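*Asks:* Structure incoming, see below.
Bear in mind that the values in this text are calculations on the coordinates, not laboratory data. None of the values given here were measured: they were computed from a predicted structure. Using ideal geometry, Cβ is built from the backbone for each residue, glycine included, and neighbour counts are taken over all protein chains shown.
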Ligand code: IPE
Ligand code: IPE
Ligand code: MG
């Protein structure tokens, strides 16, 4: 875990945890085995982020488009999420991870929704904040926010002229969380797939040729080192 340790890591890293299916296929295993391996990878990377002093880790776990997959695969992913959250609730004090969930949770099972709410309310000001994107879509998030603002206008609480970028952000799932400086997509795909469309306006993207279950702390070091080599201009010179 070499080169990036001496540099200050980004405060907020976001990861599209992609490539579980291909990892399983390479080994002749069912896709669910790939998701189980992906969950292990997540545990490893969340711990490493805490070691590095990264304050926010946002992970794309299930998109609004992932419902297109087979019932079997979806059930397998939901089972893994349930298991992970039960374990996280048990080990809350030890892991010192604070949870938030980005996405429309109402489509999840009542049991899973309750686990999410419990994890969110029981984990307070810990070292790392993990933002779990579940039934999350960047477009869905923006529509959801626009609707919430419009409702306040309809109720006479706000006027349309009041709306600024800063105010709009308060209606996003990510309200209060700074934008990610770095977004990492493993698996070799070079697209955003509806992830953090608003928040990643000026993020540095690092695409990596490694499948998520094979992603190690060294890969994170590599992505952070690449981030440090970038020249961020935000439209300036
Ligand atoms: C990411 O891995 C996990 C989810 C989208 C839930 P994939 O399942 O998309 O893996 P590939 O892209 O098929 O390899
Ligand atoms: C993005 O991966 C969503 C998650 C990792 C949860 P996908 O595998 O769903 O994206 P596409 O289909 O390759 O664009
Ligand atoms: Mg994929």
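*Asks:* Tell me, what does the Kirkwood hydrodynamic radius of the chain come to in angstroms if you use every pair of distinct C-alpha atoms? If you can, show how the numbers build up before the last one.
*Replies:* On the way: mean 1/r = 0.0534 Å⁻¹.
Kirkwood radius, the chain: 18.7 Å.
*Asks:* Quick one: length gained pulling residue 230 to residue 159 fully straight, 0.36 nm per residue minus the C-alpha distance? Walk me through the numbers before you get to the answer.
*Replies:* Numbers: separation 71, 0.36 × 71 = 25.56 nm, distance 4.03 nm.
Contour length minus Cα-Cα distance gives 21.5 nm.
*Asks:* Using a basic spin-label model with each label point 7 Å from the Cα along Cα→Cβ, how many nm lie between residue 209 and residue 11?
*Replies:* Computed distance between label sites residue 209 and residue 11 equals 3.5 nm.
*Asks:* Taking the highest mean first, how do the peptides 26-32, 79-85 order by number of other beta carbon atoms within 10 angstrom per residue? Mind showing how you got there, number by number?
*Replies:* Values: 26-32: 13.9, 79-85: 16.7.
Sorting 26-32, 79-85 by mean packing, highest first, produces 79-85, 26-32.
*Asks:* Now for a separate question. Just to confirm my numbers, what's the Cα centroid distance between the range 23-76 and the range 173-213 in Å?
*Replies:* The two parts, judged by their Cα centres, are 15 Å apart.
*Asks:* In addition: What number results when the radius of gyration of the range 94-152, computed over Cα atoms, is divided by 2.2 N^0.38 Å?
*Replies:* Values: Rg = 13.2 Å, N = 59, 2.2 N^0.38 = 10.4 Å.
Scaled against compact globular proteins, the figure is 1.27.
*Asks:* Sticking with this one: Debye sum, Cα scatterers, the range 1-142, no solvent: what log₁₀ I/I(0) at q = 0.12, 0.16 1/Å?
*Replies:* Log10 of I(q)/I(0), two decimals: -0.50, -0.89.
*Asks:* Name the shape class, rounded, prolate or oblate, that the alpha-carbon gyration tensor gives for the range 58-159, where a ≥ b ≥ c are the square roots of its eigenvalues, rounded holds for a/c under 1.5, and otherwise prolate holds if a/b is larger than b/c and oblate otherwise. Before the final figure, lay out each step's value.
*Replies:* Numbers: a/c = 2.35, a/b = 1.31, b/c = 1.79.
It comes out oblate by the Cα gyration axes.
*Asks:* Order 14-24, 187-197 from most to least packed using the mean count of other Cβ atoms within 10 Å. Don't skip to the end; give the middle numbers.
*Replies:* On the way: 14-24: 23.0, 187-197: 15.9.
Descending mean neighbour count gives 14-24, 187-197.
*Asks:* When a/c reaches 1.5 or more, the comparison of a/b and b/c decides; with that in mind, is the range 88-228 rounded, prolate or oblate per its Cα gyration tensor? Walk me through the numbers before you get to the answer.
*Replies:* Details: a/c = 1.97, a/b = 1.32, b/c = 1.50.
Oblate, since a/c reaches 1.5 and b/c is not below a/b.
*Asks:* Sorted from largest down, give the three principal axis spans of the alpha carbons of the range 141-223, whole angstrom values.
*Replies:* Taking the Cα atoms of the range 141-223, the three principal extents are 52, 18, 16 Å.
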